[in-house]
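J.: Below is a structure I'd like to ask you about.
The values are calculated or read from the model by the stated rules, or taken from the named source; none is laboratory data. Predicted model only: the values in this text are computed from it and were never measured. We place every Cβ from the backbone using ideal geometry, glycine too, and count neighbours over all the protein chains shown.
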Amino acid sequence: MEIIDFLFAEDQLFTTITLIVLIVLLIGNIVTDKLKKYEDLDVTAATSLMDDENLIILDVREKKERKNGYINGDIHIPLSDVKNQLDKLDKNKSILVYCRSGSRSAHIAGLLTRNEYEKIYNLKGGIQAWKRAKMPVKT
């Protein structure tokens, strides 16, 4: 009972609310991670996947971002167009999605799994991680 009195004391209210928000965010993050149907791959795992002839590498960055380099053999569909061009992607193939840092591609990986694509992978760290690993980039 003392802990409840302490947590809800007038001078501790802000701290208590902050603690509750952080706990909710942590739980939400854990649940979201468990529910996602795609896999995040680091550069090493992604390169292993590239031996598969049935792999589509999908770049979802904007056109101007490709000037800084792209992964050879990829398909470029900007994030804003992916939803309208899903029919260009074969549901029977594995798809490795990448962007600059991995966040936009994670969004698209989720979109693909919600549209019944099954073998979806997100390049964790995006093209930045690819370049840091000194992997080949086309310009």
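Residue-by-condition table, conditions (1) assigned to a helix (DSSP H, G or I); (2) among the hydrophobic types (A, V, I, L, M, F, W, C); (3) modelled with pLDDT of 95 or more; (4) surrounded by 13 or more Cβ atoms within 10 Å (Cβ to Cβ):
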site	(1), (2), (3), (4)
F6	yes, yes, no, no
I17	yes, yes, no, no
V24	yes, yes, no, no
R66	yes, no, yes, yes
V82	yes, yes, yes, yes
I95	no, yes, yes, yes
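J.: Is it fair to say I77 is under 21 Å from I127 (Cβ atoms), touching a residue at least 12 places away in the same chain (Cβ under 8 Å), surrounded by 10 or more Cβ atoms within 10 Å (Cβ to Cβ) and touching a Leu at 6+ places or on another chain (Cβ under 8 Å)? Explain how you work it out, then say what you get.
T.: On the way: under 21 Å from I127 (Cβ atoms): yes; touching a residue at least 12 places away in the same chain (Cβ under 8 Å): yes; surrounded by 10 or more Cβ atoms within 10 Å (Cβ to Cβ): yes; touching a Leu at 6+ places or on another chain (Cβ under 8 Å): yes.
For I77, the condition - under 21 Å from I127 (Cβ atoms), touching a residue at least 12 places away in the same chain (Cβ under 8 Å), surrounded by 10 or more Cβ atoms within 10 Å (Cβ to Cβ) and touching a Leu at 6+ places or on another chain (Cβ under 8 Å) - is met.
J.: Can I ask one more? Could you look through region 88-113, keep only residues that are in contact (Cβ under 8 Å) with a residue 60 or more places away in the chain and more than 11 Å from the chain's Cα centre (by Cα), and pick out the one that is nearest to E39 (Cα to Cα)?
T.: Filtering region 88-113 for residues in contact (Cβ under 8 Å) with a residue 60 or more places away in the chain gives 102, 106, 109-110, 112-113.
Add one more test, that the residue is more than 11 Å from the chain's Cα centre (by Cα), and what stays is 112-113.
Values: L112: 12, T113: 11 Å.
Taking the candidates together, the pick is T113.
J.: Here is a follow-up. Identify the residue in region 43-61 that is closer than 17 Å to V137 by Cβ and assigned to a loop (DSSP other than H, G, I, E, B) and, among all such residues, is modelled with the lowest pLDDT.
T.: M50
J.: Going by the conditions given, is S105 within 10 Å of V60 (Cβ to Cβ), touching a Cys at 6+ places or on another chain (Cβ under 6 Å) and of a type in the set (S, T, N, Q)?
T.: yes
J.: Restricting the search to region 92-105, which residues are touching a Phe, Trp or Tyr at 6+ places or on another chain (Cβ under 6 Å) and farther than 14 Å from E53 by Cα?
T.: Once the filter is applied, which keeps residues that are touching a Phe, Trp or Tyr at 6+ places or on another chain (Cβ under 6 Å) and farther than 14 Å from E53 by Cα, region 92-105 yields only S105.
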